[in-house]
Structure formats: C-alpha cells, structure tokens
Amino acid sequence: MNFDERIDRRGTHSVKWDMMEKIYGVPAATGIAMWVADMEFRPPACVQAAVESMAAHGVYGYYGDERDYLDAIRWWMTHRHGWEVPAESIFTVHGLVNGTALCVDAFTQPGDGIVLMTPVYHAFARVIRAAGREVVERRLAQENGRYVMDFAAWEAQMTGRERILILCSPHNPGGRVWTVEELRQVAEFCTRHDLILVSDEIHHDLVYPGQHHTVMPLAAPEIADRLVMLTAGTKTFNIAGAHAGNVIIPDPALRARFAARVAALGISPNSFGLFMVTSAYSAAGAEWVDTLMRYLDGNRRLFDERIDALPGLRSMPLEATYLAWVDFSGTGMATEEILRRVEGQARIAANHGPTFGAGGETFLRFNIAAPRAQVTEALDRLTEAFADLQ
C-alpha cells in the first residue's frame, strides 16, 4: 500500500496520460494528467494476485459459475453498506456508462426526457443524446459553498415527458454525500412524476472520515418498485480498465424489462473483470480502501488549503470522491485566460466545467488520486500560474 510511489503510465495506452496532449494540448513529456477519473495507484495485492493466477493458468475461456462473484458482491454490500442484495437482482455490464446506456435503452423511447441534476458526470448526457433522448437539466443550487437540490424550482419545470431521473450519489463533480432526507426527497420527486430512479453509486466506497453514505434502498425502501442501482468495484479499487459494473434491480417487473434488453444485445461479462472484482470485494480489499481513504484525505486537505489560498479560486469541500471541483469565477478572468494559465503555463490537464452541464461554466475538475508529491507539484504550478493575483 505504498501510495507515495510514482508510477510512470506514459506509453501504456492510458487514456489519461497518452491522450492528454491530443485533447488538451498539454505536453506529454512534462504535463500532469488530472482529468480522467482513475487513480495513480496500483490496486490491492489481492487483485494483482487474481490476475497473476489467471496468467499462470494460461487459458482465457468463457467465465461460468458466478456464485463466488455474486457472493463477493453481496458480502461487500452487506458489510460495507448494510444492504442485503439478492443474487437474482444483480446484472453485470461493461462498466456503469454501459449500464446507464442500457437503462436508457430498456426503460425509455426516442424523444423521452431524462432528468439530470447538473452539473453532473458528463457521460450521462453523452449516452442520452446518442440514444436520441432529451437531456433535461435541473440545476443544483449552492448553499454555504455546497450543492443542494432545488426541488421547488424543479417542480415548475417538469413537462410530463420525463421518464427517468439519474442520480449521482455521492455526487460527481461536487463531492456531496447526500443526506438521508435529501435522498428521500429524490424518491418522493420520482414518485410524484412517475420517474424511474437510476441511482449511480459508483463512488459509494470513496467517502471521507466524518461522512456516511446511505444507499438508496435503505434511505427510501418504498421506492423499490421504480429503483435501479448502479454499483461497481472499478472506481473503488482502480480497475476501471476491467469494465465490470453491476446493475441491481430489486423489482421483478423492472428486472424482466432490463433482462430482455441485455439478452437482445448479447451482453456478457469479461472474465478478467469478474475475477478482479471477486478478489477485491474481500477483507483484504476493505483494508486497502480504508488505508486509501486516509491517504486521500491528506491529499484533499492539502489541495483545498493551497487552492483556497489563491485569490479568486475556491475548491468545493469534498465529502466523497477524489475529484476536486474548483471555481475560478472569483478571478474575473475569461475562460480562455484561465485555460491558458492552467493548461499552457501550469501544464495541467483538468476536466472543463461546461462538459458537466449547466452550472459548471466557471469550474475545472482536478483528480487528486495521485502520490502526494505529484499533487504538490501540480499545486506549485497553479500557484505560479496565478501568482499575479496574490
């Protein structure tokens, strides 16, 4: 668990590092990649051992008999989240962007509206539009520097064409851990407007000390007949390339609709992903996550302290995730000037706020899941790039 080790990922077909120059113009040789949401850390030793065991066996056939895999998922959800999950409610998909796309396909028709609380994870809007559905943006409000849900405003904006609400819990990019009361209000909103609730909880293990994430089935059990849960071990254990995620559907009728689309599209899991997740959802994996979150908490505190010391910049306090959401509006600078300093001068690639939808216009998202020395180097560069404001 040496999170201080700096691992060179350049030239390894890493999207985050090997596409940085093409997409952001940040030089590959000297740039710092802080955009894609994967970590700069090796996964737990138990995951590496599972992959090495597969390689030693040397035959890579179709995966069968999922009992160990399903039991590992159920053990994790029970012990880490207090949520009892029936094995028959679990579908395995190729990551949660794929899971989201399958929900859109299974539960809506072309032209239907799908509600997003923006700013929010950019891939949601991408798959919705690609499927010929309408992205319905419902903008989050801010109170005391944190995002809150503005149901009073949203009620007046509903048209009746909406069929799904996608919830990001914990929230990406704002890092909010929604309270039980907020989650119950989401459930009530979906019931009033006859919406299926797709709750993306991929960050539910990445919660900082002093915070508690509640899974939607426990916050609002009465919504089980219209609830779809999206979970994965890929974000938790830094195995995103395994493309393994779970769609968990408590209601038999919804489950049958989803199963029909999975069958029609020929979806089947990748055996590497299943072996990796089975090994990760274990006591050894839990110990690794606990250690990881203590390390990331140090990164979070350092990042917020240094960013908030720069006049005109403000980092939204993180309650979960390793994705810092920085508001540059206080600088009074145009977006072009901010990007010139961050990408051109500091040589840092960070996600552009407008890609997250309405409300993200003045923000950049920075991935702080990296060795502390790398985070410190990035902060030094940003401090220099905005030195004239100090």
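Please give me the summed charge of the neighbours of residue 202: other residues whose Cβ is under 13 Å from its Cβ, Lys and Arg +1, Asp and Glu -1.
Values: positive: 235; negative: 38, 200, 201, 205.
With Lys, Arg at +1 and Asp, Glu at -1, the net is -3.
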For segment 263-305, whose charge dipole is built from +1 on Lys and Arg Cβ atoms and -1 on Asp and Glu Cβ atoms, the candidate among 284, 266, 295 with its Cα farthest towards the positive end is 266
Which value, to two decimals, describes the C-alpha radius of gyration of segment 270-390 once divided by 2.2 N^0.38 Å?
1.24
Which residues' amide hydrogens lie under 5 Å from the amide hydrogen of residue 118, considering only partners 5 or more residues apart or on another chain, with H built in the peptide plane?
138, 139, 140
Which whole-number percent is the relative contact order of the chain (Cα, under 8 Å, 6+ apart)?
24
Taking springs between alpha-carbon atoms closer than 10 angstrom, which of 207, 127, 228 fluctuates most in the Gaussian network model of the chain?
127
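In debye to the nearest 20, how big a dipole does segment 1-73 give about its Cα centre with +1 on each Lys and Arg Cβ and -1 on each Asp and Glu Cβ?
The calculated dipole for segment 1-73 is roughly 340 debye.
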Where a ≥ b ≥ c are the square roots of the eigenvalues of the C-alpha gyration tensor, would you call segment 179-259 rounded, which needs a/c under 1.5, or, failing that, prolate if a/b is larger than b/c, or oblate?
oblate
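Counting only other residues whose beta carbon sits under 14 Å from that of residue 134, what net charge do I get with K and R as +1, D and E as -1?
Around residue 134, the surrounding residues sum to +3.
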With every atom except the alpha carbons ignored, what do you get for Rg and Dmax of the chain, in angstroms?
20.7, 62
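If the chain between residue 372 and residue 109 were fully stretched, how many nm would it gain, using 0.36 nm times the residue separation less the Cα-Cα distance?
Full extension from residue 372 to residue 109 adds 90.0 nm.
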Which three numbers, in whole Å and largest first, are the semi-axes of the equivalent ellipsoid of segment 262-332 derived from its Cα gyration tensor as √(5λ)?
37, 20, 7
Dipole of the chain (Lys/Arg Cβ +1, Asp/Glu Cβ -1, origin at the Cα centre): which of 166, 3, 46 lies farthest to the positive side?
166
How big is Rg to Rh over segment 108-169, alpha-carbon atoms, Rh as the Kirkwood inverse-mean-distance radius?
0.99
When N is the residue count of segment 215-333, what does its C-alpha Rg come to as a fraction of 2.2 N^0.38 Å?
1.45
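Using only the alpha carbons of segment 165-216, what is the convex hull's orientation-averaged projected area in square nanometres? Each step should come with its number before you reach the end.
Values: hull surface 13.9 nm².
Seen from a random direction, the Cα hull of segment 165-216 projects 3.5 nm² on average.
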Helix-derived mean residue ellipticity, 222 nm - over the chain, DSSP H n ≥ 4, -39500 (n - 2.57), to 500
-12000 deg cm²/dmol
In whole Hz, what ³J(HN,Hα) sequence does segment 41-58 give by Karplus (6.51, -1.76, 1.60; θ = phi - 60°), x for Gly and Pro?
10, 6, x, x, 4, 5, 5, 4, 5, 5, 5, 5, 5, 4, 5, 5, 5, x
With a 1.4 Å probe and all protein chains kept in place, how much accessible area does residue 204 have, in Å² rounded to the nearest 10?
0
Diffing segment 252-260: the Karplus 3J(HN,Hα) column from phi (6.51, -1.76, 1.60, θ = phi - 60°), in whole Hz with x for Gly and Pro, holds x, 5, 4, 4, 5, 5, 5, 4, 5
Spacing of the two label points (7 Å from each Cα toward its C-beta) at residue 290 and residue 55, in nm
3.0
Net charge, residue 245 excluded, C-beta distance under 12 Å - Lys, Arg +1, Asp, Glu -1:
-1
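Please give the charge dipole size of the chain, origin at the Cα centre, charges +1 on K and R Cβ atoms and -1 on D and E Cβ atoms. Round to the nearest 20 debye.
On the way: 36 positive and 48 negative charges, 114 e Å.
With only Lys, Arg, Asp and Glu charged at Cβ, the dipole is about 540 debye.
The values are calculated or read from the model by the stated rules, or taken from the named source; none is laboratory data. Note that the coordinates shown come from a computational prediction; the quantities given were computed from them, not determined experimentally. No Cβ is skipped: glycine too gets one built from the backbone with ideal geometry, and neighbour counts run over all protein chains shown. For accessibility, only protein heavy atoms count, side chains too; no ligands or nucleic acids. Shrake-Rupley method; radii C 1.70, N 1.55, O 1.52, S 1.80 Å.
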